[in-house]
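Report on the following structure.
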Ligand SMILES: Nc1ncnc2c1ncn2[C@@H]1O[C@H](COP(=O)(O)OP(=O)(O)O)[C@@H](O)[C@H]1O
Ligand SMILES: [Mg+2]
């Protein structure tokens, strides 16, 4: 049995189709990423899977429980850390966690043990007695995730866990999230390609409410690696030199810093030999690695940017 199975899962808001017939199957213990730009339908999908929003079409099961027919059973096995962190800012981390553990019916000793474990796990122990409003964005986010983990969920939903964090805190967060991998099935939404690439076992790329591609990070990259791309960076390229190169390499295209050539065989020395007589100095020349960025552009014709 899969941890999550969705069948034609859809949600419209009046005329707007926010989620448009999503079919997914997520294995137990998998860290599965929904990757897509703002407005793609990620949060709407998460909300339906968490029984916070009713589908207008299709359905899903979570650990075998149908979200439409048995939302109470679903809610017992899941937890969610929403896009907007839900913490009490006037309480400290310890109090926030204890409150949550108390709500889940743990007794006093368990509340203490569980809160302590989660503070350690999310590296908050040192500042557990400070009011949450003094925390950095990253710490608030980690506290929010710790609170979602209190109930020991079988399925954890993390909606944009690094949104609004600076790049350094975002990378720090990846380590914490990586440490959660294991028994818990995790659905992580993000619009950062590197994040999905770094963390996910599999990725569903979604755009305009539809799954446009699905696979492991390397499968997605392999799916578009037609001919390799050679990047030539040179500041003083002239029209004449570009024309000369594009006679040899018709797939050449201009970039901000030079040109890119998509071709099986590009002899680096040959490019240097063509450009040098025209007085052009090459800053760098290299073969480009395929990134998930390329996959996204390839699939949707759009760039995925912050
Ligand atoms: N409650 C709502 N009422 C109307 N439109 C909504 C509502 N929630 C989301 N939408 C719209 O649905 C689309 C998908 O939104 P959302 O799921 O939040 O995308 P994402 O999380 O991928 O950024 C967007 O066009 C958004 O404006
Ligand atoms: Mg969202």
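Quotient of the Cα radius of gyration of the chain and 2.2 N^0.38 Å, N being its number of residues: 1.23.
With Cα atoms defining each centre, the range 55-90 and the range 214-289 are spaced 48 Å apart in the structure. Within the listed set 11, 131, 113, the Gaussian network model of the chain (springs between alpha-carbon atoms below 10 Å) gives the highest mean-square fluctuation for 113. For the range 226-289, the antiparallel share of DSSP beta bridges with both residues in that region comes to about 100%.
Sequence-distant contacts, meaning Cα pairs under 8 Å at least 6 residues apart, place the relative contact order of the chain at 20 percent. Nearest 10 degrees is fine. How inclined is helix 137-149 to the longest principal axis of the chain, computing both from alpha carbons? That works out to roughly 50 degrees. For the range 147-264, what does the alpha-carbon gyration tensor say about shape, rounded, prolate or oblate, given a ≥ b ≥ c as the root eigenvalues, a/c under 1.5 as rounded, and a/b over b/c as prolate? Judged from the Cα gyration tensor, the range 147-264 comes out prolate (a/c at least 1.5, a/b above b/c). Here the spin labels are modelled as points 7 Å beyond Cα on the Cα-Cβ line, and at residue 88 and residue 210 they lie 4.7 nm apart. Computed from Cα positions, the angle between helix 167-179 and the longest principal axis of the chain comes to roughly 60 degrees. At q = 0.16, 0.25, 0.29 Å⁻¹ the log10 of I(q)/I(0) for the range 226-289 amounts to -0.43, -1.13, -1.61, computed by Debye summation with a single uniform scatterer per C-alpha, solvent ignored. Label sites at residue 254 and residue 54, each approximated as a point 7 angstrom past Cα along Cα to Cβ, lie 5.6 nm apart. Antiparallel as a % of all DSSP beta bridges within the chain, to the nearest 5? Taking every DSSP beta bridge within the chain, about 65 percent pair in antiparallel fashion. Whole angstrom only: what separates the Cα centroid of the range 154-185 from the Cα centroid of the range 15-36? Computed from Cα coordinates, the inter-centre distance equals 18 Å.
Just so you know, all these numbers are worked out from the coordinates, no wet-lab data involved. Computed from a prediction, not measured in an experiment: that's the story for all the values here. Neighbour counts are summed over all protein chains in view; Cβ atoms, including those assigned to glycine, are modelled from backbone coordinates with ideal geometry.
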